[in-house]
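*Asks:* Quick one: the structure is below, and I'll ask about it shortly.
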Amino acid sequence: MNPDHETSVIEDAERRGRTELWPFWRRIYAQGDPLPRFTAPGAPPSYRFDEGEPLPAEYRELLLKMLRHEGERAGNKSFLGLMATCLDLAEAIFPDAESKLLKAEYLAEELKHAIMFHRLAVGLERDFALRDVPYVHYTFHLPRETWADDALFHFLVDLNGAFHARDWRESSYAPLAKMSATVERDEVGHSEMGYHFLQQICGEPRGKALVQHLLGKWYPAALDMFGRSDSKNAPRFIHWGLKSVGNAEIREAYQAYVDRKLVALGLDPPDERKNRRFL
Amino acid sequence: MSDIVEEIRAAYGRVGIVLDRPATYGTYYRLLCGKCGRMVGNVGDRLLPDMAGALVEQQFDLYAAGLLGCPCGHQREVTRGLDAARWEAARRRHGGSA
């Protein structure tokens with residue numbers, strides 16, 4: 001089977017999975033590019049590397065660090081474990097059959113990313129492709145005890161992935177730049193799935209009160225996911241063209257996007273400094 | 001067993017939720033109702049120190065009002081036993097079910 005045929009099989013499967021709601025990114029992108037474009041300060045980096053080309057040591061180290069943090073790899077059993085928790089929740093606390101099916105579509109798409117990142121990892125470093133890298137950031141470990149928790153997880157955490165993937169469109173590592181538009185689009189869709197669930201939950205007062213309360217847990221964690229504003233690595237990522245902006249700038253854009261959507265639900269965005277661990 | 005896992009176990013035990021054995025390669029754990037054994041959620045083992053206790057404490061009102069916890073009502077009853085005045089206030093605020 002040639003790679004083009006493999007792609008068409010996946011595309012065909014995705015087409016057949018379409019419903020009025022799924023994929024959620026369709027309606028969003030129909031209105032234009034939803035995420036801001038980030039521009040590196042100063043002249044754009046001149047580096048550009050493709051698969052198989054020798055990489056400078058620091059570049060390779062930073063790229064691997066970024067991919068470890070990203071985590072969506074078929075050979076990363078901790079990622080598969082995280083996906084299994086989503087299935088567990090879908091089985092135990094799903095509100096209706098449609099929500100459960102949407103969750104299955106979400107998982108299918110994340111597993112597609114796992115294949116894409118697996119290919120990228122194999123092309124970069126074979127040993128890395130099979131390495132188990134448990135998610136280190138606490139946000140991936142927060143308790144999810146209700147569908148509202150899960151909705152906030154998707155709305156906020158998948159959106160974090162979308163913002164990073166948006167930035168990879170300009171990545172100096174060509175294989176990452178090539179797949180970035182698909183990953184970004186899908187992650188925006190996953191975030192919108194979470195938002196769709198939040199809209200349903202906030203449709204009645206008790207649900208809205210629950211979501212407002214749970215924001216105290218998820219909002220600071222989501223902002224913390226971007227790392228410290230004074231990260232010493234950020235300028236090196238920018239230097240090599242692996243990122244366009246520092247942690248503070250991307251967090252600020254993300255927060256503006258999130259706040260706008262929370263306000264549209266009639267929710268109050270929490271104090272941005274409350275319960276934060278990584279400022 | 002890591003200190004964090006023991007911290008999570010103790011925090012949830014206080015409100016009548018049991019931390020199950022590790023699932024899915026040992027990083028994540030199911031949360032089970034302490035009375036009927038139904039799954040009520042999950043949690044990972046990389047929370048920061050003192051985080052589990054704080055999170056469960058912040059969710060006290062939600063357990064009291066029945067917005068979180070098992071449909072069997074166990075966590076609602078356990079939280080009533082922990083602090084009846086706070087429990088009543090939470091139910092007045094959130095309109096808890098019977």
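The values are calculated or read from the model by the stated rules, or taken from the named source; none is laboratory data. Computed from a predicted structure; not experimentally measured. Here the Cβ positions follow ideal geometry from the backbone for every residue, glycine too, while neighbour counts run over all protein chains shown. Ligands, DNA and RNA are excluded from the accessible area calculation, which covers all protein heavy atoms including side chains. Shrake-Rupley method; radii C 1.70, N 1.55, O 1.52, S 1.80 Å.
*Asks:* Would you work out the charge dipole size for chain A about its Cα centre, treating the Cβ of every Lys and Arg as +1 and the Cβ of every Asp and Glu as -1, and quote it to the nearest 20 debye?
*Replies:* 600
*Asks:* Quick one: how many Å² of A:Trp240 are accessible to a 1.4 Å probe, rounded to 10?
*Replies:* We get 30 Å² for A:Trp240.
*Asks:* Taking 35 Å as R0, compute the FRET efficiency from the Cβ-Cβ separation of A:Glu61 and A:Val9 and round it to 0.05.
*Replies:* Numbers: r = 36 Å, r/R0 = 1.02.
With R0 = 35 Å, the Cβ-Cβ based efficiency is 0.45.
*Asks:* How much accessible area does A:Phe38 have with a 1.4 Å probe, in Å² rounded to the nearest 10?
*Replies:* About 20 Å², rounded to the nearest 10.
*Asks:* What does the structure give for A:140-153 when I average, per residue, the other chain Cβ atoms found within 10 Å of the residue Cβ?
*Replies:* Average per residue, whole number: 6.
*Asks:* Given the options A:Leu156, A:Val183, A:Phe140, identify the residue whose Cα lies farthest towards the positive end of the charge dipole of the range A:114-191 (+1 on Cβ of Lys, Arg; -1 on Cβ of Asp, Glu).
*Replies:* A:Val183
*Asks:* Mind checking which of B:Leu19, B:Cys72, B:Gly53 is farthest towards the positive end of chain B's charge dipole, using Cβ charges of +1 (Lys, Arg) and -1 (Asp, Glu) about the Cα centre?
*Replies:* B:Cys72
*Asks:* Can you tally the net charge around B:Cys70? Count Lys and Arg as +1, Asp and Glu as -1, for every other residue whose Cβ sits under 9 Å from the Cβ of B:Cys70.
*Replies:* Net of charged neighbours comes to +3.
*Asks:* Could you tell me the center-to-center distance, by alpha carbons, between the range A:193-257 and the range B:23-98 in angstrom?
*Replies:* 25
*Asks:* On to the next question. Considering only Cα-Cα distances, which of the following residue pairs are longer than 31 Å: A:Lys232/A:Lys274; A:Lys178/A:Lys217; A:Lys103/B:Lys35; A:Lys100/A:Lys243?
*Replies:* A:Lys178/A:Lys217; A:Lys100/A:Lys243
*Asks:* Could I ask something else about it? Given the Cα-Cα distance of A:Ala97 and A:Ala30 and 0.36 nm per residue of separation, how much length would full extension add, in nm?
*Replies:* 21.4 nm
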